[in-house]
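Since the structure comes first, as structure tokens, the remarks are kept for the end.
The values are calculated or read from the model by the stated rules, or taken from the named source; none is laboratory data. Everything numeric in this text was worked out from a predicted model, so none of it was measured. Ideal geometry is used to build each Cβ from the backbone, glycine not excepted, and the neighbour counts take in all protein chains shown.
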Ligand SMILES: Cc1ncc(COP(=O)(O)O)c(C=O)c1O
């Protein structure tokens, strides 16, 4: 069965219908290109939503996974494995953090941070410090804990009751934080740039202010770098651009280059916050995922990908600003590094715009409902970016409009 129509028909019968996928079936990829089962090629500047840090099927990543699969795929966490130790060491070497816990996804990495925050205070005898503060329009994942900190009510509907002791305040508003962070706050969790919320860059001084506030009031500061980390915004972690070191930070998406892997990285003062028995993951830190993680970092180094992402990101930013200036269908260009997009005018139909781009062979995604998001592999070339931007230019010149109500 190799045609789109029969596979789609089968999917309609057997796949759980919680997604609304495009009407074709992808089967292979290389770099920034993917192909469907009928051989139609697409330029993929979505990067699997910021996951494909080294592109589709990088030969060195594929080889590392194959080699590890033939050597050792899994051992329980009752044993050390060489790959997990090596990857933790590599992450601590590249970041201000000292300890790494491995999970399998961004939600799980965030879940670990939330538990770490509560247990840290519990362990110090401060049993009242259980509140968790997040921000509106944030996105931290779909498990009930990470969902509770996700400030988008559309994802909460029908899922309540959520985690207790959670407060959500507007992003970028330090005064609002000052009002809610107090002696019951275990931690404040924010993204250094709200990604799913619509590529919202925080106002100047916000992250620095949060660092000061949490320190002053005895709460932990947690950064969710699931989408912004791993070179995506032009530095290894986005926090480097602000000179702010949180107490802990979650990573996922780009860390495995497409292999499921997440991590929580913490400073030494939190090394004792989750003693043995308090948190665990069957698959977390398995040698196969960690071998993929090590290969991703080796490719970063060999190909200078963080520096490349910064340069390519500047080019993407300048091109998007130019599109925003030339098209009345765009309100503004947003984002950092290779996590950028265009906020569409109110009367433009975002989904129909994506479909129009797809029909021309370009895959990108939406963030925050009406931001066209471009989050390509970090090894994207300038030519590939220009090819995609030319298609965006064409579609935005006469974009699909929302039906008049
Ligand atoms: C900032 C952020 N945190 C957490 C998540 C959840 O990650 P996952 O889907 O791997 O659980 C996402 C996913 O988009 C994200 O963008």
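Among (1) assigned by TED's automatic domain parsing to the domain that holds residue 365; (2) exposed (fewer than 13 other Cβ atoms within 10 Å of the Cβ); (3) outside any loop (DSSP other than H, G, I, E, B), which single condition is residue 35 missing?
Only one criterion in (1) assigned by TED's automatic domain parsing to the domain that holds residue 365; (2) exposed (fewer than 13 other Cβ atoms within 10 Å of the Cβ); (3) outside any loop (DSSP other than H, G, I, E, B) is unmet by residue 35, namely (2).
Check off (1) within 16 Å of the ligand (Cβ to nearest atom); (2) closer than 19 Å to residue 229 by Cβ; (3) part of a loop (DSSP other than H, G, I, E, B) for residue 96 and give me the number that stays unchecked.
The one condition residue 96 does not meet is (1).
Give the residue that is surrounded by the fewest Cβ atoms within 10 Å (Cβ to Cβ), with candidates limited to residues of the stretch 308-341 that are in a strand (DSSP E or B) and in contact with a helix residue (DSSP H, G or I) (Cβ under 6 Å, 6 or more places away or on another chain).
So, considering only residues that are in a strand (DSSP E or B) and in contact with a helix residue (DSSP H, G or I) (Cβ under 6 Å, 6 or more places away or on another chain), the one surrounded by the fewest Cβ atoms within 10 Å (Cβ to Cβ) is 332.
Would the stretch 181-191 turn up any residue that is surrounded by fewer than 20 Cβ atoms within 10 Å (Cβ to Cβ) and under 29 Å from residue 301 (Cα atoms)?
Scanning the stretch 181-191, I find no residue that is surrounded by fewer than 20 Cβ atoms within 10 Å (Cβ to Cβ) and under 29 Å from residue 301 (Cα atoms), so the answer is no.
In the stretch 363-378, how many residues are surrounded by 23 or more Cβ atoms within 10 Å (Cβ to Cβ) and touching a strand residue (DSSP E or B) at 6+ places or on another chain (Cβ under 9 Å)?
9
Residue 140 passes all but one of (1) surrounded by 24 or more Cβ atoms within 10 Å (Cβ to Cβ); (2) closer than 30 Å to residue 294 by Cβ; (3) more than 10 Å from the ligand (Cβ to nearest atom); which number fails?
Only one criterion in (1) surrounded by 24 or more Cβ atoms within 10 Å (Cβ to Cβ); (2) closer than 30 Å to residue 294 by Cβ; (3) more than 10 Å from the ligand (Cβ to nearest atom) is unmet by residue 140, namely (3).
Being within 16 Å of the ligand (Cβ to nearest atom) and under 22 Å from the mean Cα position of the chain (by Cα) is the requirement here; does residue 101 meet it?
yes
Table: residues versus (1) in contact with a strand residue (DSSP E or B) (Cβ under 8 Å, 6 or more places away or on another chain); (2) modelled with pLDDT of 95 or more; (3) within 16 Å of the ligand (Cβ to nearest atom).
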residue: 5; (1), (2), (3): no, yes, no
residue: 47; (1), (2), (3): no, yes, yes
residue: 56; (1), (2), (3): yes, yes, no
residue: 70; (1), (2), (3): no, yes, no
residue: 89; (1), (2), (3): no, yes, no
residue: 105; (1), (2), (3): yes, yes, yes
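Consider residue 49 against the criteria (1) part of a helix (DSSP H, G or I); (2) assigned by TED's automatic domain parsing to the domain that holds residue 191: it satisfies all of them except one. Which criterion is unmet?
Against the list (1) part of a helix (DSSP H, G or I); (2) assigned by TED's automatic domain parsing to the domain that holds residue 191, residue 49 comes up short only on (2).
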